[in-house]
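Q: Shown below is the structure under consideration.
The values are calculated or read from the model by the stated rules, or taken from the named source; none is laboratory data. For clarity, every value in this text was computed on a predicted model and none was experimentally measured. Backbone-built Cβ (ideal geometry, glycine too); neighbour counts: all protein chains shown.
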Amino acid sequence: MPKNIDKKIDNEYFLVCVDESNEFYSALDYACTNANKQKISLILLYIIEVANFRHWKGVETIMLEEQKSKAKELLEHHQSEIKKNYKFKVKKIIKRGDKVDTIFKVLNNKRYKVKNLILGLALEGNDTNKIINSLTGSFRKKLNLPITIVPDNYNNYVFKNRRNT
């Protein structure tokens, strides 16, 4: 008997790394459109990079709390926008560390079955391309799933008005 194609797959996810770049919004729009079509869920991953600021522990703690607060606010905003327009589950994750290492930790977590890693590509020089360069270069042998790279000029419908707000 053939499988029911319309059945929702609860334990499969697309993974999108959250930041405030134009290419992120392109990747998010692509991920939402395809997650909705494939009836799977979405993980929004916000990575707080470790700062080399170690002079005063109290200042470092305050900076970390501010970054966590900003991350929570941003993820809540994106989750509410997604819920307005789509019908799938969104999981929010905030981690601290190196971006590439943290992505691998989430991908290797057995709790989530990540089906695809979706990243935005800046067409003009940008720091966010460092992740793509790492994952398609020296770390490509460690990956066991597809990576979808979405250019920042991808035709956004839902999130295009959010870019400059």
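Q: Would it be correct to say that I62 is within 18 Å of A27 (Cα to Cα), surrounded by 11 or more Cβ atoms within 10 Å (Cβ to Cβ) and either at pLDDT below 90 or touching a Leu at 6+ places or on another chain (Cβ under 7 Å) (or both)?
A: The answer is no for I62.
Q: Okay, next question. How about region 83-120: which of its residues are under 13 Å from the mean Cα position of the chain (by Cα) and more than 19 Å from I40 (Cβ to Cβ)?
A: I94, K95, K99, V100, T102, F104, G120
Q: What number of residues within region 11-25 satisfy the criterion of being farther than 23 Å from R111 by Cα and assigned to a loop (DSSP other than H, G, I, E, B)?
A: 3
Q: Quick check on my filter: what residues within region 14-46 are over 18 Å from I93 (Cβ atoms) and polar (S, T, N, Q)?
A: S21, N22, S26, T33, N34, N36, Q38
Q: For the list (1) farther than 26 Å from N153 by Cα; (2) at pLDDT below 95, I need the number of the one condition that N85 fails.
A: (1)
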